[in-house]
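Trainee: Following this message is one structure expressed as structure tokens.
What follows draws every value from the coordinates through simple rules; no lab data is involved. Being a predicted model, the structure only gives us computed values, none of them experimental. Counting neighbours? That spans all protein chains shown, and the Cβs are built from the backbone with ideal geometry, glycine included.
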């Protein structure tokens with residue numbers, strides 16, 4: 001009899017735990033919004049000027065009259081995982097999401113360079129803040145947050161470090177190009193060459209290694225920590241080997257007096273392959289904390 005009671009109690013505890021976990025998942029992850037016939041959710045193809053060319057982008061425009069807050073979503077190197085499931089979930093939560101491809105990546109014209117990644121992010125932000133473009137997409141240009149994965153997390157950190165107008169910046173399993181630039185040249189070149197260069201134009205592992213080495217200090221997001229103390233910064237790490245650099249960034253922000261930093265570590269791979277709902281939940285809850 002006692003064995004049955006213990007078993008039933010264990011099942012009840014497990015069920016309670018599962019229910020609590022389910023309640024923590026934002027509704028936007030599993031519930032479509034009510035359709036707004038006058039202002040339906042939609043997608044818009046974008047061509048954004050940067051460095052003398054027009055890079056390609058896509059806007060996931062949220063339903064409703066707006067103006068909507070915006071998430072600028074930056075992909076990694078080369079961007080096989082573009083986190084478009086995350087983009088859709090964020091849109092269901094009421095944010096318009098803008099993605100783009102850096103110069104020389106995934107069909108955007110130009111040569112692929114790390115410096116160009118940073119310039120392209122600035123160009124997209126400038127484009128979104130232009131009144132005519134903001135009106136076209138129904139967005140609030142004063143309510144823009146950045147979210148970046150892998151190399152996109154590096155782009156996000158260095159952009160937020162000089163753009164205090166952003167309302168927040170989230171880094172997902174960020175890779176620190178400055179750290180990679182301190183590796184031996186052949187090691188760095190081999191690392192970059194193994195990351196799918198067929199998606200990139202006019203570059204090579206050696207070209208990327210040489211650029212990273214030449215600009216190791218400027219490309220080091222840890223050194224940007226003191227300039228991120230006023231940023232609502234969210235750093236998510238995983239079991240991919242990149243977490244120590246992200247932890248160093250968080251420590252640098254705290255040491256400089258930053259009080260708007262939050263961090264979370266999840267046992268998953270670099271692409272969060274088996275924790276997509278967890279990733280979406282973490283980002284949406286963080287965005288909710290920024291307000292609309």
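Trainee: Sorted by mean Cβ packing within 10 Å, highest first, what order do the peptides 145-157, 28-40, 70-82 take?
Mentor: On the way: 145-157: 27.9, 28-40: 11.8, 70-82: 23.3.
Ranked from most to least packed, the peptides come out as 145-157, 70-82, 28-40.
Trainee: Percent relative contact order of segment 41-290, based on C-alpha pairs within less than 8 angstrom and at least six residues apart?
Mentor: Working: 534 pairs, mean separation 42.7, N = 250.
It comes to 17 percent, rounded to a whole number.
Trainee: In addition: When the helices in the chain are scored as -39500 (n - 2.57) per DSSP H run of 4 or longer and the sum is shared across all residues, what 222 nm value do you end up with, to the nearest 500 deg cm²/dmol? Before the final figure, lay out the partial values.
Mentor: Working: 10 runs with 115 residues, N = 292.
After summing the helix terms and dividing by residue count, I get -12000 deg cm²/dmol.
Trainee: Sorted from fewest to most neighbouring beta carbons within 10 Å, what does the list 102, 112 look like? Each step should come with its number before you reach the end.
Mentor: On the way: 102 30, 112 25.
Fewest to most other Cβ atoms nearby, the residues stand as 112, 102.
Trainee: Quick one: length gained pulling residue 119 to residue 133 fully straight, 0.36 nm per residue minus the C-alpha distance? Write down the numbers at each step before the final one.
Mentor: Values: separation 14, 0.36 × 14 = 5.04 nm, distance 1.89 nm.
Contour length minus Cα-Cα distance gives 3.2 nm.
Trainee: Report, in whole Å, the centroid distance computed from the Cα atoms of segment 166-181 and segment 186-221.
Mentor: 16 Å
Trainee: How high is the relative contact order of segment 176-223? Use alpha-carbon pairs under 8 Å, at least six apart in sequence, and give a whole percent.
Mentor: 54 percent
Trainee: If you count the DSSP beta bridges with both ends in segment 41-290, what percent of them are antiparallel, to the nearest 5? All intermediate terms of the calculation are to be shown ahead of the outcome.
Mentor: Working: 14 of 39 bridges.
DSSP beta bridges in segment 41-290 are roughly 35 percent antiparallel.
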